[in-house]
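Reviewing the structure listed below.
The values are calculated or read from the model by the stated rules, or taken from the named source; none is laboratory data. Remember, it's a predicted structure, so these values are computed and weren't measured experimentally. Positions of Cβ are generated from backbone atoms using ideal geometry, with glycine treated the same way; all protein chains shown enter the neighbour counts.
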Amino acid sequence: MNLIIFYDHSKDILDIVNKYRKVYNATIYEIKTLESIGLKEKIFNTKVNVDRCNLNLLNYETIILISPLWFNKIPAPVIKFLEESTGKINNIIYLLYNYNKKDCPKEFEKLDKILNLRRNRSYFVSLAKKEIHVRVYQ
């Protein structure tokens with residue numbers, strides 16, 4: 001049993017989520033904030049509150065985290081969700097994307113550090129100028 005956890009509900013991310021849902025035959029879970037917040041808070045406010053996840057994440061063989069990078073940073077709600085999930089995930093794959101061609105491999109390491117877990121695989125997807133570039137990291 002696999003789970004896709006994603007943040008943001010733009011058309012681009014929903015397309016990515018649906019493609020991976022089919023490939024991994026996965027259930028999906030969206031990270032949501034408890035209150036409406038602006039872009040500045042989404043990026044920089046680590047005190048943002050997210051909905052409590054009622055799923056037992058340890059029951060999933062693989063978790064695929066799909067998140068945008070805003071200004072080449074992981075959004076605060078994703079960080080908050082992962083902080084609350086530390087010790088509850090066995091195996092994770094990251095898929096981070098943005099709309100420029102700049103890779104941000106240090107963001108993968110940041111996620112590993114938050115979870116105190118080494119990722120299985122990681123992908124960076126650039127959606128710049130209607131071109132899709134995918135890079136794989138280990």
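For the subset of the stretch 121-138 comprising residues that are out of contact with any Lys or Arg (no Cβ under 7 Å at 6 or more places or on another chain) and assigned to a helix (DSSP H, G or I), which member is surrounded by the most Cβ atoms within 10 Å (Cβ to Cβ)? Per the stated criteria, the residue is K129. Could you please find all residues in the stretch 67-120 being surrounded by 15 or more Cβ atoms within 10 Å (Cβ to Cβ), of a type in the set (V, I, T), outside any helix (DSSP H, G or I) and out of contact with any Asp or Glu (no Cβ under 6 Å at 6 or more places or on another chain)? The answer is I89, I92, I93.
Within the stretch 49-66, being of a type in the set (A, V, I, L, M) and either outside any loop (DSSP other than H, G, I, E, B) or modelled with pLDDT under 85 (or both) holds for V50, L57, L58, I63, I64, L65, I66.
Checking each residue in the stretch 6-39 for being more than 14 Å from I66 (Cβ to Cβ) and modelled with pLDDT of 95 or more picks out only N25.
Kindly evaluate L82 against the criterion of being out of contact with any Pro (no Cβ under 9 Å at 6 or more places or on another chain) and modelled with pLDDT under 85. No, not satisfied. Scanning the stretch 8-23 for residues that are without any contact (Cβ under 8 Å) to a residue 40 or more places away in the chain and among the aliphatic types (A, V, I, L, M), we see that the one that is farthest from Y123 (Cα to Cα) is L14.
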